[in-house]
1. Test residue 24 against the criterion of being under 25 Å from residue 140 (Cβ atoms) and either surrounded by 14 or more Cβ atoms within 10 Å (Cβ to Cβ) or touching a residue at least 12 places away in the same chain (Cβ under 8 Å) (or both), and give yes or no.
2. Kindly establish whether residue 27 is modelled with pLDDT of 95 or more and more than 27 Å from residue 116 (Cβ to Cβ).
3. Taking the range 46-59 as the search range and keeping residues that are among the hydrophobic types (A, V, I, L, M, F, W, C) and assigned to a helix (DSSP H, G or I), which one is surrounded by the most Cβ atoms within 10 Å (Cβ to Cβ)?
4. Would you confirm whether or not the range 75-89 contains a residue that is among the charged types (D, E, K, R), out of contact with any Asp or Glu (no Cβ under 8 Å at 6 or more places or on another chain) and loosely packed, with under 14 Cβ neighbours inside 10 Å?
5. Could you please find all residues in the range 90-113 being charged (D, E, K, R) and either crowded, with 16+ Cβ neighbours inside 10 Å or over 30 Å from residue 68 (Cβ atoms) (or both)?
6. Would you point out which residue out of 40, 62 is outside any loop (DSSP other than H, G, I, E, B), of a type in the set (Gly, Ala, Ser) and either under 17 Å from residue 22 (Cβ atoms) or within 12 Å of the chain's Cα centre (by Cα) (or both)?
7. Taking the range 49-74, which residues are small (Gly, Ala, Ser) and on the phi < 0 side of the Ramachandran plot?
8. Within the range 135-144, does at least one residue satisfy the condition of being of a type in the set (A, V, I, L, M, F, W, C), touching a strand residue (DSSP E or B) at 6+ places or on another chain (Cβ under 7 Å) and either under 26 Å from residue 15 (Cα atoms) or outside any helix (DSSP H, G or I) (or both)?
Amino acid sequence: MNNGFDVETINLQIYTEEDFLDDVFVDQEIYQSLVSILKAKKNLILQGAPDVGKMYAAKRLAYSMMGVKDAERLMMVQFHQSYSYEDLIMGFRPSSKGFELKTGAFYNFCKQAEKDPENEYFFIIDEINRGNLSKIFGELFMLIENDKRGLSIQL
């Protein structure tokens, strides 16, 4: 107890480039390339055969860039054929009272990151190729490009 407030200490495990290189079977040059692309473009797609560890590598790449294993600053979703804009961003969903406007996973995660500008946040999409990208992203496609961020458009 501290001044009437509960203070919770969270011990996060430090995670470095060296940890990434020990965990993921890529060399330092590839790691540096991935980090550079992600810093410049803000988006990165890993492709390869199924079950070779792309999600494992993506998660550890995020941790290495954060410097710690902080699951609160990382979100993963999986796309599939019925995934939609309403699931990712926002939309009207059936409820006991008819329809309610509900926010989606990406919207909520972005709001969380907005409150913590000192830290980096990572949103990882699994099976991006299985979703209907136009249906899921809609006009948001333009705004997730690094050079278009900060623009204001009506969604």
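The values are calculated or read from the model by the stated rules, or taken from the named source; none is laboratory data. Nothing here was measured: the structure is a model prediction, and the numbers come from that model. Ideal geometry is used to build each Cβ from the backbone, glycine not excepted, and the neighbour counts take in all protein chains shown.
1. Working: under 25 Å from residue 140 (Cβ atoms): no; either surrounded by 14 or more Cβ atoms within 10 Å (Cβ to Cβ) or touching a residue at least 12 places away in the same chain (Cβ under 8 Å) (or both): yes.
In short, no.
2. Working: modelled with pLDDT of 95 or more: yes; more than 27 Å from residue 116 (Cβ to Cβ): yes.
Considered against the rule, which asks whether it is modelled with pLDDT of 95 or more and more than 27 Å from residue 116 (Cβ to Cβ), residue 27 comes out as yes.
3. Here is the first cut: in the range 46-59, the residues among the hydrophobic types (A, V, I, L, M, F, W, C) are 46, 49, 52, 55, 57-58.
When the remaining residues are screened for being assigned to a helix (DSSP H, G or I), the result is 55, 57-58.
Numbers: 55: 16, 57: 20, 58: 22.
Within the range 46-59, the match that is surrounded by the most Cβ atoms within 10 Å (Cβ to Cβ) is 58.
4. Here is the first cut: in the range 75-89, the ones among the charged types (D, E, K, R) are 86-87.
Remaining after also requiring out of contact with any Asp or Glu (no Cβ under 8 Å at 6 or more places or on another chain): 86-87.
If we keep only those that are loosely packed, with under 14 Cβ neighbours inside 10 Å as well, we get none.
Checked the range 75-89: no residue is among the charged types (D, E, K, R), out of contact with any Asp or Glu (no Cβ under 8 Å at 6 or more places or on another chain) and loosely packed, with under 14 Cβ neighbours inside 10 Å.
5. Step one: list which residues in the range 90-113 are charged (D, E, K, R), which gives 93, 97, 100, 102, 111.
The answer is 93, 97, 100, 102.
6. Values: 40 fails: either under 17 Å from residue 22 (Cβ atoms) or within 12 Å of the chain's Cα centre (by Cα) (or both).
None of the other options fit; the residue is 62.
7. Initially, the range 49-74 is screened for residues small (Gly, Ala, Ser), giving 49, 53, 57-58, 62, 64, 67, 71.
Passing the criteria: 49, 57, 58, 62, 64, 71.
8. Our first condition is that a residue be of a type in the set (A, V, I, L, M, F, W, C); within the range 135-144, this holds for 136-137, 140-144.
Those still in the list that are touching a strand residue (DSSP E or B) at 6+ places or on another chain (Cβ under 7 Å) too: none.
No, that holds for no residue.
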